[in-house]
1. Scanning region 62-115 for residues that are of a type in the set (Ser, Thr, Tyr) and over 27 Å from Ser27 (Cα atoms), which turns out surrounded by the fewest Cβ atoms within 10 Å (Cβ to Cβ)?
2. Looking at region 114-136 only, could you name the residues that are hydrophobic (A, V, I, L, M, F, W, C) and modelled with pLDDT under 90?
3. Being within 15 Å of Ala44 (Cβ to Cβ) and either among the small types (Gly, Ala, Ser) or in contact with an Asp or Glu (Cβ under 7 Å, 6 or more places away or on another chain) (or both) is the filter; apply it to region 15-30 and report the residue that is most open to solvent (accessible area, probe 1.4 Å).
4. For Cys146, only one of the following conditions fails: (1) in contact with a helix residue (DSSP H, G or I) (Cβ under 8 Å, 6 or more places away or on another chain); (2) touching a residue at least 24 places away in the same chain (Cβ under 8 Å); (3) closer than 24 Å to Asp31 by Cα. What is its number?
5. Given the conditions (1) of a type in the set (Gly, Ala, Ser); (2) open to solvent by less than 50 Å² (accessible area, probe 1.4 Å); (3) in a loop (DSSP other than H, G, I, E, B), which single one is not true for Ala141?
Amino acid sequence: MRTEKVVLVAGGAGSIGGALVERLTFSGMTDLIVLDKDENQLEALRGKFLDRELPEPIIYVCDLRNDRHLGKIFLDHQPDIIFNCAAHKHVVSGQRNASETVHNNLLTTENLLDAKQVNPSCSFIHISTDKAVSPSCVMGASKALCESLVRDESEKNA
């Protein structure tokens, strides 16, 4: 039986995901998988690990809206713990680009939940924001809907 943990951070090159990845480096998991669609930010993150001579995570440029690519990564690594930090999080941008914000946030969450079925017992931690508690903006409302998706999936598997 495997005792080590494979941890996957979706949106791992963003401000929240990047900080989480840096902290997880010291947690003793077997593999740390980092997914993000921002190639430049991923390379900046990789540079931080090289500069500090830390073990480098396994990094993928991955648009989480691409369910085939995401599914292959999950099959290859079978994560035990998933942190979903991926989202469009900026309030003003979300208001100006409402359909893209909702599409991105819901589809990335839905695709991660589907890919999770490779290892149904894995933990899924959805990083959200205080704006989802009582949403008054598109970004907050989209994150509240994402939380509902995660909750529904969790109840199905309980």
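The values are calculated or read from the model by the stated rules, or taken from the named source; none is laboratory data. This structure is a prediction, so every number in the text was calculated from the model and none was measured. Using ideal geometry, Cβ is built from the backbone for each residue, glycine included, and neighbour counts are taken over all protein chains shown. Quick note on the areas: whole protein, heavy atoms, side chains included, nothing else; ligands and nucleic acids left out. Shrake-Rupley method; radii C 1.70, N 1.55, O 1.52, S 1.80 Å.
1. Ser99
2. Residues satisfying the conditions are Ala132, Val133.
3. By that ranking, first place goes to Ser15.
4. Condition not satisfied by Cys146: (3).
5. Of the numbered conditions (1) of a type in the set (Gly, Ala, Ser); (2) open to solvent by less than 50 Å² (accessible area, probe 1.4 Å); (3) in a loop (DSSP other than H, G, I, E, B), the odd one out for Ala141 is (3).
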